[in-house]
Amino acid sequence: MTEKEIFSTEIIKNAFDSLANEMFSVGIRTCKSPIFYETLDFTTVLTNGQYDTIATAIGVPLWAPIGKFVAQSSIEGIRKMGEEVLPNDIIISNDPYETGTHLNDIGLAMPIFHGDEILAVAVAKGHCYDVGGMTPGSWGPGSSDIYQEGIFVPPTKYYDQGKPNKALIRLLMANSRMADYLYGDLEALAASLRLADRRMHELVEKYGAGTVKDAMSSLLEEGEARANARLKELPKGEFYVEDYLDESYVSPEPLKLTAKIKITDEAFTVDFSGNSKALPAPLNNPYPGTFAAVSVVFVALTNPHAPFNYGLLRPLNVIAPLGTIFNPQRPSPVSVYWETMAYAADLVWKGLAPHIPDKLSAGHFLTVASEMISGTDPRTNEYFVLCEPNPGGWGAGIDQDGESSLVSYADGETYANPVEVLEIRYPLIVERFQLNVEDGVGHGKYRGGFGMVKDYRILCDDPKLTVDINRAKFPPWGVAGGQNGTLNYLLIIRDGKEIMRVSRLMNQKLKKGDVVSIRTAGGGGWGHPYERDPRLVADDVRKGLVRIDQARDNYGVVVKPETLDVDLEATRRLRATRPMNA
């Protein structure tokens with residue numbers, strides 16, 4: 001390569017990242033739903049002509065590896081039906097078994113041509129509020145097959161050579177309780193793809209198709225080299241880990257989940273063989289979601305700060321036998337896939353955290369903690385669905401306390417909705433949104449982060465509630481003597497009295513004035529609590545995060561009630577009478 005070609009290649013590589021982020025901005029500016037413009041529950045991706053991800057924007061990081069699946073299944077799906085893929089086509093699909101996740105998450109893919117060759121594929125995938133099915137919002141714990149969860153769209157041309165497929169659009173809107181929102185958000189995703197098409201043609205016009213393709217290849221080669229180099233630094237061996245879903249839905253008994261991790265200088269392999277067959281319940285996680293979940297941990301261990309491309313994943317192997325909970329087949333339901341997807345990541349995290357403590361924390365609250373409140377807004381007489389992720393407590397690290405009130409890694413860069421937006425867009429009042437100090441955290445030399453409490457008072461006459469959260473029975477795990485964290489749950493309060501404590505409900509009818517109180521867990525601790533600096537414990541007491549009795553009982557720290565300072569001598573005596581190994 002000449003010096004000019006080298007400089008051009010580097011400029012183009014950076015342009016790919018800018019392009020993906022600009023796509024994302026277009027989606028935010030043109031969408032209809034708060035779950036896009038506030039929560040950021042969508043992702044934009046650019047792949048090469050072989051469907052390998054070249055660049056991705058913020059949003060849902062777990063979807064970055066899924067971009068390849070969306071691009072490949074969309075383009076090849078059209079070809080399998082005997083149709084040509086042509087310039088200005090935009091292909092739509094929400095087939096969860098091929099594109100990952102569930103029916104709400106609709107993917108659009110646009111081939112970007114140079115002459116007769118597909119040079120790249122632009123992908124945009126986002127959570128649409130309602131795609132039909134038996135539940136408002138199209139997900140919930142009650143489904144027993146995919147047909148109950150909404151309209152299933154195989155790869156189909158949403159735009160055919162730039163012209164809208166009006167029959168398909170009418171069909172989609174007729175199957176949604178919130179048709180205007182569905183259409184508005186799909187058009188926003190389509191707009192982001194057209195932007196990508198324009199920008200790629202500008203790059204080709206300026207630098208030439210050959211140079212652009214060389215930049216793509218160079219990115220992937222660099223990513224693979226980075227991954228291989230960092231892989232050699234990881235501890236080698238085989239690691240077995242297990243954990244439990246609270247229940248399988250078909251039985252109240254906990255469902256055991258396992259993973260075997262094998263690390264060599266050449267490959268990082270995670271094997272989910274031996275897990276349950278796919279359930280007649282919506283916990284099943286399609287293979288693209290399982291692969292993506294492991295990818296997040298692998299990238300966290302190897303190249304957490306590198307811009308993402310598929311080369312970073314080339315040493316990764318994920319085994320999940322077809323027909324199992326981590327690789328279901330049609331018609332297995334998948335609408336609450338994210339809970340099992342989060343466990344797929346957490347199993348690898350839990351198995352390796354004690355061995356790679358400088359990179360992985362103790363267990364976090366794990367669940368997306370999503371709820372759906374639906375009904376008719378009395379202000380507009382229009383149907384509404386509130387669906388959102390909720391933050392919780394993360395686990396402590398080897399040298400720091402856990403983060404408080406942060407979304408789980410199943411959601412990554414998404415956000416909780418601002419109170420102002422919630423109260424403007426939905427018939428409710430947010431009466432409380434604060435750290436969940438009452439339930440606490442996993443104590444340790446470094447303590448877990450705190451979950452949150454969010455109280456909604458419902459102001460409509462016909463509200464319904466659907467919720468599905470895990471770690472309501474099995475708390476976030478501690479490391480090296482750190483205590484486990486607390487539990488996730490939801491309360492329904494009527495006339496000031498708690499009437500239900502739940503983690504799973506389907507279309508539960510509520511009354512106007514009821515309060516839905518979401519409580520997320522505190523993260524696990526790291527190291528024995530008696531190793532914690534007494535001054536840090538006293539500081540938590542002064543901040544209202546830990547009570548004086550908790551300081552004494554959990555940390556062996558005596559805090560003076562009158563000054564909230566540490567009594568160091570009393571603390572020394574107390575800790576001496578309760579040794580750490582007792």
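Tyr310 fulfils the conditions (1) in contact with a Lys or Arg (Cβ under 8 Å, 6 or more places away or on another chain); (2) aromatic (Phe, Trp, Tyr); (3) closer than 17 Å to Ile469 by Cα except for a single criterion, (3).
For first residues located in the range 532-552 and within 23 Å of Ile398 (Cα to Cα) and in the same structural domain as Asp439 (by TED's automatic domain parsing), partners that are among the acidic types (Asp, Glu) and assigned to a helix (DSSP H, G or I) and lie 6+ apart or on another chain with Cβ distances below 8 Å do not occur. Could you please let me know if Ser273 is surrounded by fewer than 24 Cβ atoms within 10 Å (Cβ to Cβ), in a loop (DSSP other than H, G, I, E, B) and at pLDDT below 95? Criteria not met by Ser273. Number of residues in the range 416-474 that are in a loop (DSSP other than H, G, I, E, B) and within 23 Å of Ser503 (Cβ to Cβ): the value is 21. None of Thr414, Thr367, Thr380 is in the same structural domain as Leu465 (by TED's automatic domain parsing), surrounded by fewer than 22 Cβ atoms within 10 Å (Cβ to Cβ) and hydroxyl-bearing (Ser, Thr, Tyr) except Thr380. Of all the criteria given as (1) within 16 Å of Asp271 (Cα to Cα); (2) at pLDDT below 95, the one not satisfied by Val318 is (2).
For the range 203-245, a residue qualifies if it is surrounded by fewer than 16 Cβ atoms within 10 Å (Cβ to Cβ), outside any helix (DSSP H, G or I) and either among the hydrophobic types (A, V, I, L, M, F, W, C) or in the same structural domain as Leu46 (by TED's automatic domain parsing) (or both), and exactly one does: Gly208.
Taking the range 291-337 as the range and being closer than 22 Å to Val241 by Cβ, in contact (Cβ under 8 Å) with a residue 24 or more places away in the chain and β-branched (Val, Ile, Thr) as the test, the residues that pass are Val294, Val296, Val297, Thr302, Val318, Ile319, Thr324, Ile325.
What is the number of the single condition among (1) surrounded by 24 or more Cβ atoms within 10 Å (Cβ to Cβ); (2) more than 23 Å from Asn507 (Cα to Cα); (3) under 21 Å from the mean Cα position of the chain (by Cα) that Asp95 does not meet? Here Asp95 clears every test but (1). Which numbered condition trips up Gly527, out of (1) touching a residue at least 40 places away in the same chain (Cβ under 8 Å); (2) on the phi < 0 side of the Ramachandran plot? All conditions pass for Gly527, except number (2).
The values are calculated or read from the model by the stated rules, or taken from the named source; none is laboratory data. As the structure is a computational prediction, the values presented were derived from the model and not from experiment. Every residue, glycine as well, gets a Cβ built from its backbone with ideal geometry; the counts of neighbours run over all protein chains shown.
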